[in-house]
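Undergrad: To start, I am sharing the structure in question, which I have written as structure tokens.
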Amino acid sequence: MSLYLGFDCSTQSLTAIVLDATDARARVVFESSLQFDTALPQYRTRHGVLPPPGTGVTGVPGVAVSSPLLWADALDTMMARVARGVDLRHLQAIAGSAQQHGSVYMNDSAVSTLGNLDVRRAPGEQLAGCLSRAVSPIWMDSSTTVECDEIARAVGGASVLAARTGSRAFERFTGPQIRRFYKNDPRAFAATDRIHLVSSFLASLLAGRHAPVDPGDASGTNLMDLETNAWWPPALEATAPSLARKLPPIAPSWTIVGEVSRYWRERHGLPPARVVAWSGDNPCSLIGTGLVREGLIAVSLGTSDTVFGLMPEPRVDRGGTGHVFGAPTGGYMALTCFANGSLAREGIRDAFGLTWSDFSAMLASTPAGNRGRVLLPWFDPEITPAVSVPGIRRYGLAADDGPGNVRGVVEAQMMSMALHSRWMGVEVKTIHATGGASANREILQVMADVFDAGVSQLAVENSACLGAALRARHADALASGQRLSWDDVVRDVVSLAPWAPGPPGPPGPSGAPKASGRFEPDPSRAAVYRELLGLYAACEAHALGR
């Protein structure tokens, strides 16, 4: 038996998937998720984020942080679940996925502590003394506009930075966050020996030693040169002094970091399985959605919504809203991210006191195009388009109109994705849908109509976690001297949900009626959205003062 374990540490939860690849056809044999807020209430997070009183930065707009100790204890809690559910004696390798851009700051005691954790105690309490910064800024943090401008000017402008690193300077990216920390707390920065991304921090915890970061996650920092897959010196110099010595090395996505440390073997009965370099959730989702060839795109409907696809060479978005990341395949991926994903959908649902079934019924009861009424659901600062001051904007739509607001939030998100993914240069014929809201057939039908393309729902919703498990299998094969193509890696495992005509299936994880199979665009509704897209773009431009 050959088992492969994948983790995904997202904003709000930790998920684990175990693959059994004993036979030619691999299959998922274990899957579990835990919500940070409920599973680890002692950290007092809300949707995985520390509330302002816990950050020490009350009153600073745009700040969003979490606790790296929370992620460590979540990994420990989940590992116990996995050990109870699977015979881990046959575990070959572990890989992981983590929310991109977040950073963890450790002092020079981390090396000793990571390698000598007490198996009788949870990891969080033991790692507290290793942190030179108690909290970790995460991807939702938008407080670094000044630092973005400073870095961009220092390297020759936003276009130069985008051409070299794949993105213009974004507030949520790691480089600007590091610069803000250096400026605001230079003594703590000087005491920092290693700045990990969330992915390399958790890989380090598993291996009991500092782990490298892979190009997929390193490219989400504004600091990596896309051509060389190495830290770009001008960006490092523009960010903070001596930064090159504090960052982990960049290594290929299939790098074996080491074996699972003694702590995990004795605490949870793991064998000395290989630990594979972790990556970001977006690069892992590329694998988990089966996008190992160019020409397909995927849409992930999660805490944030993303549109992404594989590209053989970097094509940078001239408009400055998209990103180019490294891909676990060794190539590149194009991605556009929208911060207001599930939180905006939940915001409308909660504002009208709806269940997810009510939400779906309202969406189905309203006409395509919402009679020309437009909602801009910027509950939080938005990445795409750049919105620093959040707020809901409505055009012709009453605030107390429940059905209109339900359709408005879904249509706005789909039209924004269609509008702001054009730079990728992909003629969209098929979309692979994943993420929590992909369980909702009414939402997927709107997606099909807006993009005028077929939408296929993936059978496994946790694509980033699945991608991590698949990456573990791929890296283990390479380390064992076997040739395993990416087509072979994803074949049979990354499958589409079977088409089941008729009434909706049983409720999915969100409580919404579950989608099934493939959704084709309706020509009449697609025509409505072709016309409405121009109106939406005009409303967006008006709201942004253009």
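The values are calculated or read from the model by the stated rules, or taken from the named source; none is laboratory data. As the structure is a computational prediction, the values presented were derived from the model and not from experiment. Don't worry about glycine lacking a Cβ; one is built from the backbone with ideal geometry, like all the others, and counts go over all protein chains shown. Heads up: the accessible areas ignore ligands, DNA and RNA and are worked out on the full protein's heavy atoms, side chains in. Shrake-Rupley method; radii C 1.70, N 1.55, O 1.52, S 1.80 Å.
Undergrad: Glu313 accessible area, nearest 10 Å², 1.4 Å probe?
TA: It works out to around 120 Å².
Undergrad: Continuing with the same structure: Treating each Cα of the chain as an identical point scatterer and ignoring solvent, apply the Debye formula and state log10 I(q)/I(0) at q = 0.06, 0.09, 0.11 Å⁻¹.
TA: Evaluating at q = 0.06, 0.09, 0.11 Å⁻¹ gives log10 I(q)/I(0) of -0.26, -0.61, -0.94.
Undergrad: Still on this structure, please answer the following. Which parts of segment 1-45 would a label at Ala459 reach, counting a residue when its backbone N lies under 18 Å from a point 7 Å out along Cα-to-Cβ?
TA: Only 4, 17-32 pass the distance filter.
Undergrad: Hey, another quick one. Run through the DSSP bridge list for the chain and note the antiparallel percent, rounded to the nearest 5.
TA: Numbers: 55 of 75 bridges.
Bridges in the chain that DSSP calls antiparallel: roughly 75 percent.
Undergrad: With every protein chain present, what accessible area does Ser159 have (1.4 Å probe, heavy atoms only), rounded to the nearest 10 Å²?
TA: 90
Undergrad: Sticking with this structure for a sec: If each of Ala134 and Ser32 carries a label point 7 Å out from its Cα toward its Cβ, how far apart are those two points in nm?
TA: In this crude label model, Ala134 to Ser32 measures out at 3.1 nm.
Undergrad: Run the dipole for the chain about the Cα centre, Lys and Arg Cβ at +1, Asp and Glu Cβ at -1, nothing else charged, and hand back the magnitude in debye, nearest 20.
TA: For this selection, approximately 440 debye.
Undergrad: Calculate for the chain the 222 nm mean residue ellipticity that helices alone would give, adding -39,500 (n - 2.57) per DSSP H run of length 4 or more and normalising by residue count, nearest 500 deg cm²/dmol.
TA: On the way: 21 runs with 201 residues, N = 546.
Helix-only estimate at 222 nm: -10500 deg cm²/dmol.
Undergrad: Which is farthest toward the positive dipole end of segment 279-359 among Pro314, Leu286, Gly347, measuring Cα position about the Cα centre, with Cβ charges +1 (Lys, Arg) and -1 (Asp, Glu)?
TA: Toward the positive end, the furthest listed residue is Pro314.
Undergrad: Tell me the accessible surface of Ser285 in square angstrom (1.4 angstrom probe, heavy atoms of protein chains only), to the nearest ten.
TA: Estimated to the nearest 10 Å², Ser285 gives 10 Å².
Undergrad: How large is the dipole of segment 333-459 about the Cα centre if only Lys and Arg carry +1 and Asp and Glu carry -1, each at its Cβ, rounded to the nearest 20 debye?
TA: Here segment 333-459 has a charge dipole of around 180 debye.
Undergrad: Accessible area, 1.4 Å probe, largest first: how do Lys429, Lys183, Lys246 sort? Numbers along the way, then the final one.
TA: Numbers: Lys429 130, Lys183 75, Lys246 20 Å².
Sorted by accessible area, descending: Lys429, Lys183, Lys246.
Undergrad: I would also like to ask the following. Select from Tyr105, Leu50, Pro252 the residue farthest towards the positive end of the dipole of the chain; place +1 on Cβ of Lys and Arg, -1 on Cβ of Asp and Glu, and compute about the Cα centre.
TA: Of the options given, the answer is Tyr105.
Undergrad: Assign unit charges at the C-beta atoms only (+1 for Lys and Arg, -1 for Asp and Glu), then state the dipole size of segment 140-201 relative to its Cα centre in Debye, rounded to the nearest 20. Walk me through the intermediate numbers first.
TA: On the way: 9 positive and 7 negative charges, 25 e Å.
Rounded to the nearest 20 debye, it is 120 debye.
Undergrad: For segment 301-357 and segment 384-434, what is the separation of their C-alpha centers, rounded to whole Å?
TA: 11
Undergrad: What FRET efficiency would be calculated for the residue pair Arg262, Ala80, taking the C-beta separation as r and a Förster radius of 22 Å, to the nearest 0.05?
TA: 0.85
Undergrad: Ignoring any ligand, DNA or RNA, what whole percent of the accessible area of the chain comes from carbon and sulfur when the probe is 1.4 angstrom?
TA: Here it works out to 50 percent.
Undergrad: Select from segment 1-110 those trypsin sites (Lys or Arg not before Pro) which occupy a DSSP coil region and have at most 13 other Cβ atoms within 10 Å, ordered by residue number.
TA: In loop regions of segment 1-110 (DSSP not H, G, I, E or B), the sparsely surrounded trypsin sites (Lys or Arg not before Pro) are Arg25, Arg44.
Undergrad: Sticking with this structure for a sec: Going by accessible area, probe 1.4 Å, with all protein chains left in place, what is the ranking of Met1, Met311, largest first? Don't skip to the end; give the middle numbers.
TA: Numbers: Met1 115, Met311 5 Å².
I get Met1, Met311, largest accessible area first.
Undergrad: Something else about it: Which order do Asp350, Asp400, Asp185 take when ranked by solvent-accessible area (1.4 Å probe, heavy atoms of all protein chains), largest first?
TA: The residues order as Asp400, Asp350, Asp185, largest area first.
Undergrad: What does the charge count near Phe170 come to, summing +1 for each Lys or Arg and -1 for each Asp or Glu among other residues with Cβ under 14 Å from its Cβ?
TA: Values: positive: Arg168, Arg172, Arg179, Arg180; negative: Asp141, Glu147, Asp149, Glu150, Glu171, Asp317, Glu382.
Neighbour charge sum, excluding Phe170 itself: -3.
Undergrad: Let me ask you something else. Could you work out the local net charge near Pro312, counting Lys and Arg as +1, Asp and Glu as -1, over the other residues with Cβ closer than 15 Å to its Cβ?
TA: Within the 15 Å Cβ shell, the charges total -1.
Undergrad: Which residue, Ser242, Leu533, Phe173, has the largest displacement toward the positive end of the dipole of the chain when charges sit on each Cβ (Lys, Arg +1; Asp, Glu -1)?
TA: Farthest towards the positive end: Ser242.
Undergrad: Given R₀ = 30 Å, what would the calculated FRET efficiency be for Gln42 paired with Arg187, taking r from the Cβ atoms and rounding to 0.05?
TA: In this case the efficiency is close to 0.55.
Undergrad: Skipping prolines and chain starts, which residues have an amide H placed within reach, meaning under 5 Å, of the one on Leu131, given they are 5 or more residues away or on another chain?
TA: Asn107
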